[in-house]
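A quick write-up on the structure given underneath.
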Amino acid sequence: MSARIGVAVMAVLLVLYIALVGQRAWLLLISGDTVGVLMGAALVVLPLVALWGLGRELWFGVRADQLGRRLEAEGGLPAEVVSLRPSGRVVREDADALFGSYRDAVEQHPDDWASWYRLGLVYDAAGDRRRAREAVRKAIRLESASS
């Protein structure tokens with residue numbers, strides 16, 4: 001739940017930032033000064049890119065959460081017990097030990113979204129966020145294609 005609150009706060013702050021940049025862009029566009037108009041036009045692009053990125057990340061979060069809930073309802077989440085640090089994070093060595101079996105499952109069933117999602121969870125537990133996101137994105141694409 002705290003992650004959702006954090007996402008909501010960051011999204012609101014980004015929207016506020018986008019609004020302020022948009023206001024500055026408008027002021028520069030109507031300034032009549034050639035350099036100001038050019039800078040204003042460039043500033044119009046930044047809020048659009050930011051909105052696109054925000055929408056993309058929020059959609060990724062929604063879809064990843066949906067797949068996680070579906071997998072949990074089907075009893076398909078990883079069941080292995082791993083040690084936790086006092087902070088609540090998984091001990092990386094435990095996650096690394098599990099990695100091989102989940103990688104093998106993906107290699108055996110490359111079109112199974114659930115295998116990719118579980119691999120993403122193990123990557124995340126091992127601290128490799130980039131690969132975790134790639135694996136979950138692949139799971140989302142596979143699940144969407146099968147629906």
Exercise. Restricting the search to the stretch 63-112, which residues are over 24 Å from residue 141 (Cβ atoms), surrounded by 14 or more Cβ atoms within 10 Å (Cβ to Cβ) and of a type in the set (D, E, K, R)?
Worked result: 92, 94, 96
Seminar exercise, completed: Filtering the stretch 75-121 for residues that are closer than 25 Å to residue 147 by Cα and either assigned to a helix (DSSP H, G or I) or at pLDDT 90 or above (or both) leaves a count of 20
For this session: Tally the residues that are surrounded by fewer than 18 Cβ atoms within 10 Å (Cβ to Cβ) and not in a loop (DSSP other than H, G, I, E, B), restricting the search to the stretch 122-141.
Result: 8
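Does at least one position in the stretch 52-62 carry a residue that is without any contact (Cβ under 8 Å) to a residue 40 or more places away in the chain and surrounded by 14 or more Cβ atoms within 10 Å (Cβ to Cβ)?
Within the stretch 52-62, the subset without any contact (Cβ under 8 Å) to a residue 40 or more places away in the chain is 52-53, 55-57, 59, 62.
Still in the running and surrounded by 14 or more Cβ atoms within 10 Å (Cβ to Cβ): 57.
Yes, the stretch 52-62 has at least one match.
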Exercise. How many of the residues in the stretch 111-132 are farther than 17 Å from residue 77 by Cα and out of contact with any Lys or Arg (no Cβ under 9 Å at 6 or more places or on another chain)?
Worked result: 5
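The values are calculated or read from the model by the stated rules, or taken from the named source; none is laboratory data. From a predicted model like this one, the values you see are computed outputs, not experimental measurements. Positions of Cβ are generated from backbone atoms using ideal geometry, with glycine treated the same way; all protein chains shown enter the neighbour counts.
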